[in-house]
Structure formats: structure tokens, C-alpha cells
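Values in this text are rule-based calculations from the coordinates and carry no lab data. Here the structure is a predicted model, which means the values were calculated and not measured. Ideal geometry is used to build each Cβ from the backbone, glycine not excepted, and the neighbour counts take in all protein chains shown.
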Amino acid sequence: MAVRAEHDRAVLADLLGADPVLHAYQLGDLDDFFWPYTSWFRRGEAVALLYHGAVPATLLAFAAPARVAELAALLGELAPVLPARLYAHLSPGLESALAGAFTVETSGGHLKMALTDPGRLAGVPPGGAVLGAADLPALRELYADAYPGNWFDPRMLDTGQYVGVRDGGGLVAVAGVHVWSPRYRVAAIGNVTTHPRARGRGLGAAVVAALCRRLRASVGHVTLNVKADNGPAVRLYERLGFTRVAEYGEFTLTAR
């Protein structure tokens, strides 16, 4: 069965919607907000996404263990048409399908987590206010100080799903989204950080709790990605009701 480009959003939504937590990012990218920046490939029921809205482009390919072989076959066939340099988020083992065509540099193991016990949010007082376009300069300043190198597209503020805490005239904590799709009922929390001078005050937990409450009004699945070795962040999310649902790796790929 040959790999093919897929342009039908309904087909993709049906395939990805079989596991909306694993594929939350990809489902969110079906929205008009991200769709123009995407290329999709399919082999049977296996789906891979190449997202062009970041530099370098990012390849997303996830599968349950029983479907990894099918997705690996898709990636092997796709390798010759991929960019010469790209970033990749891959289910465990899939990097080997690309190792013949690319040098593979790992950025470490990551976890996908989902809000499965929202009752725990009641134990964390929410905090912060919703941010908008006028807050962009202060948000950029916070990221420069506390989270340099994070992936943030200013258009994400247009979602209305960024919550921040101000102190002394500047932002000191924020939680936002990478994707938010009421249509496909998924959200992926991202760009969460607290300024070094404000850490230890519970502000990170407060803004994430506030954002989760906000998101649950419009989506059925609230998810996030986190580095597996970031113990404090993982424990924070578990305290808020998130559980680990899948492992994956992040890689930089350079054509041989």
C-alpha cells in the first residue's frame, strides 16, 4: 500500500479522532487557523503531518504500539520528499524508519498527558486574567526572561486562551495553548512559564488551573506535552488531574 497525500479533512478527522488524546495536536491543526501551514500523508490508517508554520518544519507521527509498524512504513516511503532539515515528534521507535535518510539527533523523551481527573482542579485556586493582543510585548519579555527558545506564534493570543498574572507592571506567569479547537473538541496547553523571581509562589499552578477551567467549557480533551525528565512540571500537572497517556521523542533530522 503506497503513501499518498491526503487533502480531505473529514477523512483525517475520522482517522485521528479514533484517539483524540494521542492526536490532539494534529486534530487541532485541521482547523482553519493552522490548516494552510500543513501537509498530510496517509498509508492505510496511518497518518503523518508536516507542519510548515515553524522553522524548521515539524513532522508529527504518532501511533499506538500495535500500529507503529504501519506508521513506520509510511515514514520510510515519505523520507525522500521531506525537507533536508526538520524537527520531529515521533512515537517510540519511529525514528529508526528515518535513520537511513537522516542523521537523527534526540532532544530527549517526552510525555503526552491528558486531564483525566478534573475534580483535582478544585484543590488549586485559579489565578490570572485573560490576555489579548495588547499583552504581546509583556508576554515576549516574559518568555525572553523565563522561557527562551519556546515555540510561540503571536497568533495564538487571538484564541483568547492565554491566562497571565501581573506583578510590578509586568507579566510573571502565563499558561496558554498550542492548539485550541472547539470544532474537534481538543486543546493542547503550552507556553507555560513563571518568571524566575516569582517562582515558588504557586503562580504556575494557578494559571494552569484557571486555563483548564476555561478550556473545559469548549473542548472535551485537554492535553499537554512535557519533557519526561521535568519532574517538577510532571508532578504539578498530576496534582491538577493530568495523567500520562503516551511517550514520544523529539528529534532534529538532517538529510544525509
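Label separation (R120 vs N150): 2.1 nm, computed from points 7 Å beyond Cα along the C-beta direction. Relative to the longest principal axis of the Cα atoms of the chain, helix 136-146 runs at roughly 80 degrees.
Karplus-derived 3J(HN,Hα) values for the range 165-180, using 6.51 cos²θ - 1.76 cosθ + 1.60 with θ = phi - 60°, are 10, 9, 8, x, x, x, 6, 10, 7, 8, 9, x, 10, 8, 9, 8 Hz; glycine and proline are entered as x. Sorting 187-196, 45-54 by their mean Cβ neighbour count within 10 Å, with the most densely packed peptide first, gives 187-196, 45-54. What the phi angles of the range 119-125 give under the Karplus curve with 6.51, -1.76 and 1.60, with θ = phi - 60°, is a coupling list of x, 5, 4, 5, x, 10, x Hz, glycine and proline written as x. Taking K and R as +1 and D and E as -1, what net charge do the other residues with C-beta under 10 Å from the C-beta of A129 add up to? With Lys, Arg at +1 and Asp, Glu at -1, the neighbours total 0.
According to the square roots a ≥ b ≥ c of the eigenvalues of the Cα gyration tensor, what is the shape class of the range 38-189, taking rounded for a/c under 1.5, prolate for a/b larger than b/c otherwise, and oblate for the remainder? List each step's numbers first, then the result.
Values: a/c = 2.40, a/b = 1.79, b/c = 1.34.
Prolate.
Distant-in-sequence amide contacts of F33, defined by a placed amide H-H separation under 5 Å and a gap of 5 or more residues or a different chain, comprise nothing. Coupling constants for the range 83-91 follow from the phi torsions by the Karplus curve (6.51 cos²θ - 1.76 cosθ + 1.60, θ = phi - 60°), and in residue order they are x, 5, 9, 7, 9, 9, 10, 9, 4 Hz; glycine and proline get x. If R0 equals 25 Å, the separation of the Cβ atoms of D229 and E105 corresponds to a calculated FRET efficiency of about 0.90. Expressed per residue, the C-alpha convex hull volume of the chain stands at 120 Å³.
What is the log10 of I(q)/I(0) for the range 117-240, computed with the Debye formula using one identical point scatterer on each Cα and no solvent, at q = 0.13, 0.19 Å⁻¹? Values, matching the q order: -0.47, -1.06. Using the Cβ-Cβ distance between R183 and V81 with R0 set to 25 Å, the FRET efficiency from 1/(1 + (r/R0)^6) comes to roughly 0.30. Taking 0.36 nm per residue of separation and subtracting the current Cα-Cα distance, fully stretching the chain between S96 and D8 would add 28.8 nm.
Ranked from highest to lowest mean number of other Cβ atoms within 10 Å per residue, what is the order of the peptides 65-75, 5-15? The partial results should precede the final answer.
Numbers: 65-75: 17.4, 5-15: 13.5.
The peptides rank, most packed first, as 65-75, 5-15.
With distances taken between every two different alpha-carbon atoms, the range 1-59 has a Kirkwood hydrodynamic radius of 11.6 Å.
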